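Enquirer: I'd like to ask you about the structure that follows.
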Amino acid sequence: RIMPSPRPAALPPVSPLIRRFMEAWFERYLNRHFDALRLPHWSVPPSQDRAGPLVIYCNHPAWWDAAVIIVLSGRLFPTRENRAPFDAAMLARYRVFERIGAFGVDLDSPRGAAQFLAAARAIVTRPDTALWITAQGRFVDTRVRPLGLRPGVARLAEIAPDALFVPLALEYAFWDERGAEAFAAFGPGIPGAELAALPRAARLARLEDDLTATLDRLSADVI
């Protein structure tokens with residue numbers, strides 16, 4: 001049974017000035033607490049000049065993921081409108097994140113999925129956007145398999161067949177210095193139209209397989 005798609009949500013406007021300030025603040029914050037944020041040579045993020053929206057979905061191993069995403073989005077896609085779902089209860093306490101692209105999702109009620117899809121429709125139907133999703137929806141150790149991605153990310157291909165879906169692997173480890181290292185790696189993207197042609201279960205499995213392969217390759221490099 002085909003369910004009607006939710007109407008686009010009205011999103012709070014992003015302040016470019018506050019966004020640039022917060023990107024710089026989080027970059028300094030990462031520099032204080034990590035020896036480095038490292039990307040392997042084989043990690044190739046989408047080009048800044050690519051036409052169409054981006055959906056960048058990642059695992060969720062640590063509290064630091066939000067900071068890493070803010071820094072990566074500012075460094076790699078400064079001309080796009082970068083958006084990300086955020087726990088509505090937390091967003092009520094830290095409203096500044098609304099001004100840099102966060103939108104609230106109620107994680108403790110069934111209506112959270114509808115909130116997410118309505119907001120996503122308003123984002124990924126525009127060509128100059130990037131939607132960043134911690135697709136596991138909860139903190140999960142980077143070694144856990146299967147990843148257990150939430151199904152909402154697979155629904156987005158129906159809304160935005162012209163989007164590129166890009167897996168992003170995140171990991172943190174200590175090497176031979178006092179500070180920890182942060183690691184990020186982008187895997188090959190898949191066009192939304194190609195995903196949308198698959199049944200939903202197969203679509204979610206494909207997204208999970210791609211992210212798992214990227215995580216495994218990154219982990220081998222970290223080791």
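Enquirer: For residues that are within 12 Å of PRO151 (Cβ to Cβ), of a type in the set (Lys, Arg) and crowded, with 16+ Cβ neighbours inside 10 Å, tally how many sit in the range 188-220.
Expert: Result for the range 188-220: 1.
Enquirer: Return the residues of the range 166-178 that are of a type outside the set (D, E, K, R) and either more than 23 Å from LEU76 (Cβ to Cβ) or crowded, with 21+ Cβ neighbours inside 10 Å (or both); say none if nothing qualifies.
Expert: VAL166, PRO167, LEU168, ALA169, LEU170, PHE174, TRP175
Enquirer: So which pairs qualify, if the first residue must be in the range 128-157 and without any contact (Cβ under 8 Å) to a residue 60 or more places away in the chain, the second must be open to solvent by 10 Å² or more (accessible area, probe 1.4 Å) and of a type in the set (S, T, N, Q), the Cβ gap must be under 6 Å, and the two must be at least 6 apart or on different chains?
Expert: none
Enquirer: For the range 55-72, how many residues are out of contact with any helix residue (DSSP H, G or I) (no Cβ under 6 Å at 6 or more places or on another chain), farther than 26 Å from ILE159 by Cα, of a type in the set (A, V, I, L, M, F, W, C) and modelled with pLDDT of 95 or more?
Expert: Within the range 55-72, residues that are out of contact with any helix residue (DSSP H, G or I) (no Cβ under 6 Å at 6 or more places or on another chain), farther than 26 Å from ILE159 by Cα, of a type in the set (A, V, I, L, M, F, W, C) and modelled with pLDDT of 95 or more number 3.
Enquirer: Does the range 116-132 contain any residue that is farther than 24 Å from LEU195 by Cα, touching a Pro at 6+ places or on another chain (Cβ under 8 Å) and not hydrophobic (A, V, I, L, M, F, W, C)?
Expert: Scanning the range 116-132, I find no residue that is farther than 24 Å from LEU195 by Cα, touching a Pro at 6+ places or on another chain (Cβ under 8 Å) and not hydrophobic (A, V, I, L, M, F, W, C), so the answer is no.
Enquirer: A follow-up question, please. Given VAL55, VAL71, which one is touching a strand residue (DSSP E or B) at 6+ places or on another chain (Cβ under 6 Å), aliphatic (A, V, I, L, M) and open to solvent by less than 20 Å² (accessible area, probe 1.4 Å)?
Expert: VAL55
Enquirer: The conditions are (1) among the aromatic types (Phe, Trp, Tyr); (2) open to solvent by 60 Å² or more (accessible area, probe 1.4 Å); (3) within 25 Å of PRO46 (Cα to Cα), and PHE139 fails exactly one of them. Which is it?
Expert: Going through (1) among the aromatic types (Phe, Trp, Tyr); (2) open to solvent by 60 Å² or more (accessible area, probe 1.4 Å); (3) within 25 Å of PRO46 (Cα to Cα) one by one, PHE139 breaks only (3).
Enquirer: Something else now. I need the full set of residues from the range 89-99 which are touching a Gly at 6+ places or on another chain (Cβ under 9 Å) and either without any contact (Cβ under 8 Å) to a residue 24 or more places away in the chain or crowded, with 20+ Cβ neighbours inside 10 Å (or both), in order please.
Expert: Listed by number, the residues that qualify are ALA89, MET90, LEU91, ALA92.
Enquirer: So which residues in the range 155-200 are closer than 25 Å to PRO61 by Cα, part of a loop (DSSP other than H, G, I, E, B), in contact with a strand residue (DSSP E or B) (Cβ under 6 Å, 6 or more places away or on another chain) and not acidic (Asp, Glu)?
Expert: TRP175, GLY179, GLY187, GLY189, listed by residue number.
Yes/no matrix, rows are residues, columns are (1) touching a Ser or Thr at 6+ places or on another chain (Cβ under 9 Å); (2) modelled with pLDDT of 95 or more:
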residue	(1), (2)
ASP35	no, yes
TRP42	no, yes
PRO53	yes, yes
THR79	no, no
LEU91	no, no
GLY101	yes, no
ALA113	no, no
ARG121	yes, no
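Enquirer: Could you list, ordered by first residue, the pairs with Cβ atoms under 6 Å in which the first is in the range 100-123 and over 10 Å from PRO85 (Cα atoms) and the second is assigned to a strand (DSSP E or B) and not charged (D, E, K, R), at least 6 apart or interchain?
Expert: Qualifying pairs under 6 Å: GLY112/VAL105; ILE123/THR129; ILE123/LEU131.
The values are calculated or read from the model by the stated rules, or taken from the named source; none is laboratory data. As the structure is a prediction and not an experimental result, all values here were calculated from the model. Cβ coordinates were reconstructed from backbone atoms using ideal geometry, including for glycine residues, and neighbour counts include every protein chain displayed. Note: accessible area is taken over every heavy atom of the protein model, side chains too, but ligands, DNA and RNA are not part of it. Shrake-Rupley method; radii C 1.70, N 1.55, O 1.52, S 1.80 Å.
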